[in-house]
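Written out below as structure tokens is the structure these notes cover.
Quick note: the coordinates plus some simple rules give every number you see, no bench work behind them. Just so it is clear, the model here is predicted, and its values are computed rather than measured. Because the Cβ atoms are built from the backbone with ideal geometry, glycine has one as well, and the counts that use them run over all protein chains shown.
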Amino acid sequence: MAIDEQTVRKIARLARLKIADNAVAPMAAELSKLLTWVEQLQELDTANVEPMTTAIPMKLKMRKDVVSDGGYAEDIVRNAPNHEDTFFTVPKVVE
């Protein structure tokens, strides 16, 4: 798939990138090569390939999933300019 200069400018605008005029043509060629490479990857038969998350099989250390508030609520709100119990209080901003 060939990318033209107009498409490169549109992509740059959408991505909020500033590309110099002399860099648009090389960028178009580079993006075209990238898309050609992706098209080549589409041709591979991956029907019998299992999905993997890493190249090296490993197991992560597991821990119990316990819900906790951390036990530091009083310490956290102690430095707040305004608080009520263990909650921050802020001025109303929407009327």
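Here are the numbers for this structure:
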| item | result |
| --- | --- |
| Amide H contacts under 5 Å for His83, placed H, 5+ residues apart | Thr89 |
| Anchor Lys33: lysines whose Cα lies under 27 Å away (excluding residues fewer than 8 positions away in-chain) | Lys10, Lys18 |
| Degrees between helix 21-42 axis and first principal axis of the chain (Cα, 0 to 90, nearest 10) | 90 degrees |
| Relative exposure of Val93, Val8, Val38, Val77, judged by other C-beta atoms within 10 Å (fewest first) | Val93, Val38, Val77, Val8 |
| Helix-derived mean residue ellipticity, 222 nm - over the chain, DSSP H n ≥ 4, -39500 (n - 2.57), to 500 | -12000 deg cm²/dmol |
| Dipole moment magnitude, nearest 20 debye, the chain about Cα centre, only Lys, Arg, Asp, Glu C-beta charged | 220 debye |
| Crossing angle, helix 5-14 versus the chain [Cα axis fit, 0-90 degrees, rounded to tens] | 0 degrees |
| Dipole of the chain [Lys/Arg +1, Asp/Glu -1 at C-beta], most positive-end residue of Leu41, Ala12, Thr54 | Ala12 |
| Extended-chain gain in nm, criterion 0.36 nm per residue less alpha-carbon gap, Asp75 and Arg63 | 1.7 nm |
